[in-house]
Each structure stands twice: as C-alpha cells, then as structure tokens.
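Right, one structure below, let's go through it.
Every number in this text was worked out from the coordinates using simple rules, so none of it is lab data. Since this is a predicted model, take the numbers as computed values, not measurements. All Cβ positions, even for glycine, are placed from backbone atoms using ideal geometry, and neighbour counts span all protein chains on display.
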Amino acid sequence: MKSGEKHESTLSREDQDFISRWTEIIGQSNTDLADHFVNSAPEMFSSLDQTGVEAWLMSALQAFDDGEPEKAADVLTRPTDFVSDYLFQHSRCTLDSVSQFLQHFVIGLGGRGLTITKHHEAYTDTEKIFLPDHIKDYFDRELNFAVYKLTAVHLWAQTRYGTWRHQVVETLGRAGDTAAVLAVFNRLECVRLDACIARELPGLYRQFEAVAYYSDEHKNEWQMFQSQVPLLTESTATALDSVAMIEQYLGEQLPALKRYQSDMLLAGVRKVMSARIEREKSAVQAALGELQRSIRQIISDDDQTSTDDDEGRFTLAKGDDQGKAYRVNMELRYDDELAQLTPEIETLMESILQDFGEIPEHYMDGITSIPYASDTEADLGDHGIDADVNGSLVNAIRYREWDYLRQRYREGYCLMNEYDVPPVDDDFVETTLAKYRGLLKSIKKTFEAVLGESKLLRKQSHGDDIDLDALIEAQADFASGLEMSDKVYTCYRNRERSIAVMFMVDMSGSTHGWINDAERESLILLCEALETLGDLYAIYGFSGKTNKRCETFRVKRFDEPYSAIVRQRISGIRSKGFTRMGAAIRHLGHQLNMTRARTKLLITLSDGRPEDYDAYRGRYAVEDTRHALQELRHDGIHSFCVTIDKEAQDYLPHMYGATNYAVIHEVKQLPLKVADIYHRLTAL
C-alpha cells in the first residue's frame, strides 16, 4: 500500500472527495503533478484543514501557471515546508490586532497608567509597556495572544509591585557589572512577582504557569531555583530583598527566562523615572495648593474673623484600612482636620507610592500658591456683578458655576457678554466652496434624501393598507362587547422635521491656524447643506479670559437667514482667548431652549479640554462643564462634541457620555465628518 493510500483510508469522506476532484482537475494539465498531489495530500490533511490544503495546492498551481513546473513539483513533494510557513502566517498574533485590548486590560489591573507601545523587544520604562510587533511561539493564535497578555501583565507587575522603586533603581545603578546584576535580579524578581500575582490574581497565575516553560527540564530548573529563595514568595518580600540576594548568584548557572519574561533595561527606567519624580512633585504640590485655597475659602465663608494669613499645613497619616503598600491608604489632614483627597491628588500619590513606597515628607512642603478662582482679580465674589461694574460688564449676563471641591454652585459667578463676529469680506467662502465642490454636492444629496423619506403611521381611520395588529385588537374588543375601533389602517406621511441646532464653536487661542480654517470650512459646508433641510440653526463662537470675561460671538442667530453677512462673519472667525465651556454651554443652551422645536441639539466643535486663565482647569473645569451639560439634558437638549484632541477619551466620556462625542484624527477630515455626524444625529 502506498503512503498516500494508507493516509487516505483515515480521511473523512469529504476530504477524500476533495482529493479525487482535484486529482482529476490537475491531471488534465499534468499527470505528474496529479500523482504528486494524490501522494502528498492525505499527509497534509493531518496538519491542515481543507482551506489550508487548498492554499497549498493553489501555490503549486500558481508556480505551474507561471512556467515553473519544477517549482510546482517541489511544493507538492515537500509539503512540510509549506505547512510551517502557513501555520506561522495564520497563527502568529500581531500587536496591532491586540493592542487595544491589552491597553484596556492593563488599565483595568490598576496602578499607574501604562501605554502599550511597539518595540523590537519587550520591556517597561515604568510609563510604557513595550511589546514586539508579533509573537509566534505557538502554532495557535490564541496561545500566542496569551503570551502577549501575560508578558504585558508581568511588565505591569514590575511597576505595580515595586520592582522599580527609586531606591532599588539607584542601588542597581551603582552596581559594577550591570548586565550580570540585572540578569540575576530579573530571575529573583520573577519569583517574587509570580508570588504576588498568585496571591492577588490567582486566575492569571494559572495562565502564567500554563505557558511559562519551554520544556519539563526548564520547569524543573525554575522549581529548583525558587526552592532556594523561599523568602521572596512571602507577602512581606520587597524588591530590596531581591537586591540583597544578587551577590550570591553572580556567576552561577541561572534558568533561562520564562516565556513571558524579557530583559530589563535599567537606563530607560532611570531616565523616565527621573523626569517623572520632578514632574509629579510639582503636580502634587500644585494640586494641594488648589485644595488649600478651596479649604481656606470655605473657612473664610464660615468664619469672617479668619484672614488669608492664617496659613495651615497638610499632613499625611496612615488610614484605618490595612491596604497594600502600593495603594493609597492614607488620610490627608489640614491642620489636623480630615481633608478629602481629590481624584487628581489620589492618582498622583499612588504613582509616587509606586516610586518610593511612601510619600516623601518634603512633598507636603513648598505648596505652590495656585490662585483659587475667588482669589483672582477676575473674581467678583459669590454676589455676582452687584459690586464694581463698569463698561461692558453693565450688560453682562450672570451664570452660576459648579465648584466640585465645595460641591455646590457659585451663584452669579460668571459674567457673559455677547458680541457679533466682525465680518470679513474676502474670498474664503468662494475658495471653500470651490475646494469642496464635489463633497458639498454629495452632502446636499444625502440631506435631500432625508426630505424624501416617509414615516409609517399606524392605527389610522383611513389609509393605504390594513394594520393587522390594530385589526386584531379591535376584533378582540368587539368580541368582548366593546365598540370596535375604526382605526385599523396604516398610511405613509412625509416626515415633518422640527429640529433646532446650536453650533458652539471653540474660538480659543489653541485653534489658531489649520484648526480655525477647518472649523470655518465645516460651517460653510453645513450652512450650504442645511438650507436644503430648512432646519432651524444658529452658530456662536465662545472664548474668554477668567470668570469676569466669558464671551460668546454671534455668527448666525436662529431667526437670521443665511446671508452674505453671515458668510462674512464665518470668514471672520478668529482664535481669541481660553476655553471656559460651562458658562458658554449654559448661555447658548438657554437660547436653544427658547425655540419651539421638538428636537434640540447642541453640537460643540472644539480642539481640547476646557481650560481658562485662572483656576478653571483640570477636574474643576471638567466637572463644571459636565454639570452644565447635565442641566441641558434636564431641559431636553441633547449635546454632542466633535473634537480633534487625541486625548479626548480621558475626559469627554465623563462630560458628554460614552457615545456623545467623536474624535477626528485629522483636521482635514473635519468638514466631511461634521456634516456626516449632523446627518446621523438629526435622522428621524
């Protein structure tokens, strides 16, 4: 019995038919190739599925069609070469395909935010996790994906469980033969980190054990090594314990790295850590300064005898809960009174704990004097504009602002003025219309199609067809002795649009240049297209500087036609001050709420997070903006944000909601995307 016939007897009927069919087809072109195929095909089915075998056959036929019969015969007679290449191509796991999952997975584990980044070798610099372009350790993509995941977890564990504490890094840096020292340290830390993961993440630890070793011998070597360092498996063990053991293993035979391990790059860690320490020290002192200002303001409101000279001091004490050393488990006190840790301070302190294992005492000194909003010259106090009004402030409208530190509104705190955008009579509109002639035509067609759509109305007294559900319901009423309804028809009616949209355009200084041009181009295209729909819409820009100078700029009012002067105002939009969004949202939301439309939308075009010249930034600005949007939602106004800020996912979901924003990665896409988003938002 030939080899092929022996294998063929074990094949399924479907696979046997596949071989027979293709043998006949190949034989019509070359009988030698047909013989090679029928002899090798059964063996191929032991390694590949039918799709893989067909790919093998096609590669041989392609060579034959290209005039290379010898190469075609070689492919068919040496199938193992193809199997290796095929399995590699179809089982390897690429970083591009899994990086998003890994990023979310690592964030979910907790600790300092680490970014997944591509590199030719795996390592961490304590702010990024570097992983190779692909992993092909197994002929199984899921196993290769598991290696990716566990490598990322192991590198996360190095930052989370103190492998790269500042004292450890400095001690290693003073070592003579750094490469040899790091080789030993890497193995010792692997024992300690695996023990940490076994205690806290037992499910992941089981996955670690499943893929860690290349052979039984490799596993035995690690078990022997681990048995020599039992101290490192205890819950109290630290990286300094690993450092203390390095010397006794220098020059000794070490087990090969586990599959999810990689070399350590001390130089990269030291460089990144040095910059982070200075940055976070300044940041935590600035955050404490902001908190101090808020506390002093509250004390001042409650006790009129206190003065700004009554300086207090922050101190840290261990909390009541027995937490882990790498988690914030501390009470912040201000003059012995318990103070609430803000999320920013807690995040910063958690990162500092990962570097030092404690919060250095000098971090609590030299707190930066951040001017709290009530301490700036822009502040008119909680009494609004009742005092010291002059000039343009006489006509200013007062709006409240949410203070998340106090957890209350500052009533009448922001002064809002409206101005017309100075019209500019240039060729910007004509140039834009010529530049996007094809796109505008497409947008208009899309909008015109909306007008042609009809809506099916049910339970009508007259109509084009029977409403079966309504008829059954009416018949049931009649059978039970009730009067039978005559509303048993359906009919189609043209959709009636009752929509009002406010476009709120960021005119802060950061929009200068291409962003400003893209915003203006977007508005031109929208206005041209919206004239097709007849929707009610208005356009306002917003900017300002401090709570005393909140400004909106009229481009087009709801009751104003799209005219030459509106086009000139769009052309005249220029970048100005800062981005105090809360007041602008409340002001423009009020105007939108005055319309009688059933559907009301506020669409914001912006290039970044809310921020102003004074203390309106960070969490304070985000929370005020979020509360302003919640106020609009309470009034039935839907809000949506279009931004080009690549970091928008850090704050926009919190402000607008998970699905109420869009990030445009290229400024030049803004005109197209804005029109598309408007169409989707207003589709009835």
Inset, instruction - Indicate the gyration tensor shape class of segment 3-91 (rounded, prolate or oblate), computed on the Cα atoms with a ≥ b ≥ c the square roots of the eigenvalues: a/c under 1.5 is rounded; otherwise a/b larger than b/c is prolate and the rest oblate. - result: oblate
Legend entry - Cα gyration tensor shape of segment 494-554, rounded if a/c is under 1.5, else prolate or oblate by comparing a/b with b/c: oblate
Inset, instruction - Specify which residue in the list T159, A146, Y123 is farthest towards the positive end of the charge dipole of segment 94-160, using unit charges on the beta carbon of Lys, Arg (+1) and Asp, Glu (-1), about the Cα centre. - result: T159
Legend entry - segment 167-264, Cα convex hull volume normalised per residue, Å³: 97 Å³
Inset, instruction - Would you mind finding the longest exposed-site-free stretch of the chain, with exposed trypsin sites (Lys or Arg not before Pro) meaning DSSP loop and at most 10 other Cβ atoms within 10 Å? - result: 175-595
Inset, instruction - Note down the magnitude of the dipole of the chain about its Cα centre, charges +1 on Lys and Arg C-beta and -1 on Asp and Glu C-beta and zero elsewhere, to the nearest 20 debye. - result: 1300 debye
Inset, instruction - Might you report the magnitude of the Cβ-based charge dipole of segment 499-682 about its Cα centre, with Lys and Arg at +1 and Asp and Glu at -1, to the nearest 20 debye? - result: 400 debye
Legend entry - Stokes-Einstein diffusion coefficient of segment 33-153, Kirkwood radius over Cα pairs, 10 °C, 1.306 mPa s, in µm²/s: 95 µm²/s
Inset, instruction - Going by C-beta contacts inside 10 Å, put Y148, Y214 in order with the fewest on the left. - result: Y214, Y148
Legend entry - Cα-only Debye scattering, the chain: base-10 log of I(q)/I(0) at q = 0.06 Å⁻¹: -0.60
Inset, instruction - Divide the volume of the convex hull of the Cα atoms of segment 568-684 by its number of residues and quote the answer in cubic angstrom per residue. - result: 126 Å³
Legend entry - Histogram of C-alpha separations across segment 42-84, 5 Å bin width, %: 5, 27, 33, 21, 11, 3
Inset, instruction - Treating only the Cβ atoms of Lys and Arg (+1) and Asp and Glu (-1) as charged, compute the dipole magnitude of segment 1-158 about its Cα centre; round to the nearest 20 debye. - result: 880 debye
Inset, instruction - Report, in deg cm²/dmol and to the nearest 500, the calculated mean residue ellipticity at 222 nm for the chain, where each DSSP H run with n ≥ 4 adds -39500 (n - 2.57) and the sum is divided by the residue count. - result: -16000 deg cm²/dmol
